[in-house]
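The values are calculated or read from the model by the stated rules, or taken from the named source; none is laboratory data. Just so we're clear, the structure is a prediction, and the values are computed from it rather than from any experiment. All Cβ positions, even for glycine, are placed from backbone atoms using ideal geometry, and neighbour counts span all protein chains on display.
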Amino acid sequence: MDDIVKAALAKWPNVPHCFGWLGLDARGDWYMRDDGAQAAGPFARAPGDEGRIGKGSRLQHDKLIDFIGRNYAPDEVGQWAFQNGPQRVYVELEAAPHVWRLQPDGSILAHTGQVAGDVKSCLLDEHGRLFLATDLGLGLVHTADMLIASDAVEQGHWVPEDVLFSTLPERWRYVLSPQKRQAEAKAS
């Protein structure tokens, strides 16, 4: 976490959290979701859901993207958030908390630029998406890197386990939609 963020948290410890305004898609892109995008529908479809989605506007400012990446972490219940100064901005996830980019040297980088570490598990969901559990956590392999991933599978470096996508959040302890979770908690 950036020092400036830590200082803001100390100065203003009681700023309300923000839900629904930031999303991470399956390609590792961040999306800003204003009132209109949120009114259009959820950021991503939950398993079994149909209907419109309200993805929002893709962020393209490199320094903002880097700032978000440096201050992106889970809370105690597996909701991922960006700590924006004193305010925690919870992130709507399309698939997983990380999107992996496979490097020519065999290393794996998260969409945030962090090194993923060793692969602990390789998972293939019913949609043909490949997830890797690493030292950094669970992430989805970027679609542009599937050829490299298929080579790793063919060479026996990774052995995919068949999984249902709907089981991943509970199994790997992450929340796809903190906004939906918050709304359900308020309703009960």
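Would you mind stating whether Leu136 is closer than 25 Å to Gly54 by Cβ and crowded, with 16+ Cβ neighbours inside 10 Å? For Leu136, the condition - closer than 25 Å to Gly54 by Cβ and crowded, with 16+ Cβ neighbours inside 10 Å - is not met. Of everything in region 144-172 that is surrounded by 13 or more Cβ atoms within 10 Å (Cβ to Cβ), touching a residue at least 12 places away in the same chain (Cβ under 8 Å) and of a type outside the set (A, V, I, L, M), the residue that is nearest to Val89 (Cα to Cα) is Pro169. The criterion of at least 1 residues that are small (Gly, Ala, Ser) is met by the following strands (runs of 3 or more DSSP E) wholly inside region 1-99: 18-24, 72-74, 80-84. Condition check: farther than 21 Å from Trp172 by Cα, outside the structural domain of Ala152 (by TED's automatic domain parsing) and within 15 Å of the chain's Cα centre (by Cα). Does Ile53 satisfy that? Against the criterion (farther than 21 Å from Trp172 by Cα, outside the structural domain of Ala152 (by TED's automatic domain parsing) and within 15 Å of the chain's Cα centre (by Cα)), Ile53 does not qualify. Beta carbons closer than 6 Å, at least 6 apart along the sequence or on distinct chains, pair a first residue in region 103-125 that is surrounded by fewer than 16 Cβ atoms within 10 Å (Cβ to Cβ) with a second that is assigned to a loop (DSSP other than H, G, I, E, B) and of a type in the set (D, E, K, R) for Gly117/Asp135; Asp118/Asp135.
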